[in-house]
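Visitor: There's a structure below that I have some questions on.
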Amino acid sequence: MELQRATITAVAHYVPDKILSNKDLEKMVDTSDDWIVTRTGIRERRILEHGATSDMAVQAAQRVLANRGISAEELDLIIVATITSDMVFPATACLVQAKLGAWNAWAFDINAACSGFLYALSVGTRFVESGVHTKVLVIGADKMSSITDYTDRTTCILFGDAAAAVLLEPTDEKELGILDQKFYSDGRGAEFLHMKAGGSLRPASHETVEKRMHYLYQDGKSVFKVAVKGMSDVAVEIMERNKLTYKDIDWLVPHQANLRIVDATAERMGIDRSKVMINIEKYGNTTAATIPLCLSEWWHKGLLKRGHSVILAAFGAGYTWGAMYLKWSLENGK
Ligand code: UT7
């Protein structure tokens, strides 16, 4: 079967207005602006004060539809990558579908944490490549403030809230679009990064609330080591099998968990910092939103251009990780 090429035909993002700075965090936990900047690269993050993940997702989605000039009813499929769904069920994607009025689309969520957007982009791409669908909306959205323990200095400094989305459509252009992808999972990593309660293993109870088990738990040191190796290994694998050297790549778009992880990944790939999309200083780790948030900001600034070779790479809870290689096909965003 001849596969259709899939490409991104619109991109947009939404971030809440409220800023939580390192100075604000200094008043909440025993930390310092200097420690946070040196160890993570983060200076501030956004916090959604009212509403849920679906509200941010809808804002990003509506901007995508407006950019592309299509109605919500033209969508075939909506995939939302999130670990902070509005409710355990139904899927946040269904809530987004209803709020958009995307009555001809089916909708589901993907739970792959910081790799969520790439997993969702991979699935969406397959639906376009196979010819099943022509308009797939892929959203990465997380209200991380809803599962962050603001008494735990090792995690509360890291996370922020945001949503960003892309539209996938078929293209006849031979050279442009989504060209390759590679993904991994290793469930043995679950013990290092998870939420202890609220699922079927430990349903919510007075005890789980008292023990603060409804927040994200992370063994940062253990995750750090595997994140560097996982993200750089898979990015190098994608480069090698597409016969790419650092000279061929215009942009590396890494998941924004920690500036030191981003730098180590770029170094392994031989890519200069000037070719790496980095906005972690403004938003922290927004989990499923980091990669499309970078793509949207860089495209809107006119820095991500038609024909650019781009590598997306992520690592997150599960463990999950992967990379995708694409040639950007959208005309200049400026
Ligand atoms: O996105 C999904 C994947 N997640 C990641 O990729 C995150 C991976 N991990 C990390 O980014 C880093 O491990 C952290 C940023 C979470 C922590 O940085 P680190 O350099 O690994 O610090 P550490 O955990 O080794 O802690 C060093 C010291 C400790 O003190 P002692 O034991 O040496 O006295 C911590 O208690 O820093 C202390 N510390 C802090 N100090 C001030 C930990 N958090 C803070 C803090 N402010 N917020």
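The values are calculated or read from the model by the stated rules, or taken from the named source; none is laboratory data. Here the structure is a predicted model, which means the values were calculated and not measured. Every residue, glycine among them, receives a Cβ derived from its backbone with ideal geometry; neighbour counts consider all protein chains shown.
Visitor: Out of everything in the range 241-297 that is more than 14 Å from the chain's Cα centre (by Cα) and hydroxyl-bearing (S, T, Y), what residue ends up being nearest to the ligand (Cβ to nearest atom)?
Guide: Filtering first and then ranking leaves T265.
Visitor: When residues of the range 268-312 are filtered for being small (G, A, S), farther than 26 Å from V80 by Cβ and at pLDDT 95 or above, how many remain?
Guide: Just the residues of the range 268-312 that are small (G, A, S), to begin with: 270, 274, 284, 288-289, 296, 302, 307, 309.
From what is left, the residues that are farther than 26 Å from V80 by Cβ are 270, 274, 302, 307, 309.
Checking which are at pLDDT 95 or above leaves us with 274, 302, 307, 309.
Residues that pass the stated criteria total 4.
Quick grid of which residues meet (1) modelled with pLDDT under 95; (2) over 30 Å from K27 (Cβ atoms):
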| site | (1), (2) |
| --- | --- |
| E73 | no, yes |
| I78 | no, yes |
| A81 | no, yes |
| M87 | no, yes |
| L121 | no, yes |
| V138 | no, yes |
| A164 | no, no |
| K174 | yes, yes |
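Visitor: Select from the range 224-235 the residues that are at pLDDT 95 or above and of a type in the set (V, I, T) and write down the one among them that is surrounded by the fewest Cβ atoms within 10 Å (Cβ to Cβ).
Guide: Looking at the filtered set, the residue picked out is V226.
Visitor: Something else now. Just checking: which of the strands (runs of 3 or more DSSP E) contained wholly in the range 1-110 hold 3 or more residues that are touching a helix residue (DSSP H, G or I) at 6+ places or on another chain (Cβ under 9 Å) and buried (at least 23 other Cβ atoms within 10 Å of the Cβ)?
Guide: Output list reads 5-14, 77-81.
Visitor: So in the range 132-163, with the set limited to residues that are part of a strand (DSSP E or B) and within 16 Å of the ligand (Cβ to nearest atom), which one is surrounded by the most Cβ atoms within 10 Å (Cβ to Cβ)?
Guide: My answer is A141.
Visitor: Still on this structure, I have one more. State all residues of the range 191-223 that are assigned to a loop (DSSP other than H, G, I, E, B) and surrounded by 15 or more Cβ atoms within 10 Å (Cβ to Cβ); if no residue qualifies, say none.
Guide: Listed by number, the residues that qualify are K196, A197, G198, R202, M213, H214, Y215.
Visitor: Right, V226: in contact with a helix residue (DSSP H, G or I) (Cβ under 8 Å, 6 or more places away or on another chain) and either of a type in the set (F, W, Y) or part of a helix (DSSP H, G or I) (or both) or not?
Guide: Considered against the rule, which asks whether it is in contact with a helix residue (DSSP H, G or I) (Cβ under 8 Å, 6 or more places away or on another chain) and either of a type in the set (F, W, Y) or part of a helix (DSSP H, G or I) (or both), V226 comes out as yes.
Visitor: Restricting to the range 31-50, name every residue that is touching a residue at least 24 places away in the same chain (Cβ under 8 Å) and small (G, A, S).
Guide: Matches in the range 31-50: G41 only.
Visitor: Further question: Among (1) of a type in the set (D, E, K, R); (2) within 16 Å of the ligand (Cβ to nearest atom); (3) surrounded by fewer than 19 Cβ atoms within 10 Å (Cβ to Cβ), which single condition is R126 missing?
Guide: Failing condition for R126: (2).
Visitor: Which residue pairs have Cβ atoms closer than 7 Å, lie 6 or more positions apart in sequence or on different chains, and pair a first residue in the range 288-305 that is surrounded by fewer than 24 Cβ atoms within 10 Å (Cβ to Cβ) with a second residue that is assigned to a helix (DSSP H, G or I) and not aliphatic (A, V, I, L, M)?
Guide: Short answer, once both residue conditions are applied: L304/W298.
Visitor: Counting just the residues of the range 18-35 that are of a type in the set (A, V, I, L, M, F, W, C) and within 13 Å of the ligand (Cβ to nearest atom), which one comes out farthest from S145 (Cα to Cα)?
Guide: Result: W35.
Visitor: Right, another one. In this structure, does A52 turn out to be within 18 Å of the chain's Cα centre (by Cα) and more than 16 Å from the ligand (Cβ to nearest atom)?
Guide: Yes: the conditions hold for A52.
Visitor: Quick one: what pairs do we get from the range 236-247, first residue closer than 19 Å to A264 by Cβ, second surrounded by 11 or more Cβ atoms within 10 Å (Cβ to Cβ) and among the hydroxyl-bearing types (S, T, Y), C-beta under 6 Å, 6+ apart or different chains?
Guide: Listed pairs, sorted by first residue: I238/Y325.
Visitor: For the range 164-189, enumerate the residues that are of a type in the set (G, A, S) and loosely packed, with under 15 Cβ neighbours inside 10 Å.
Guide: S185, G187
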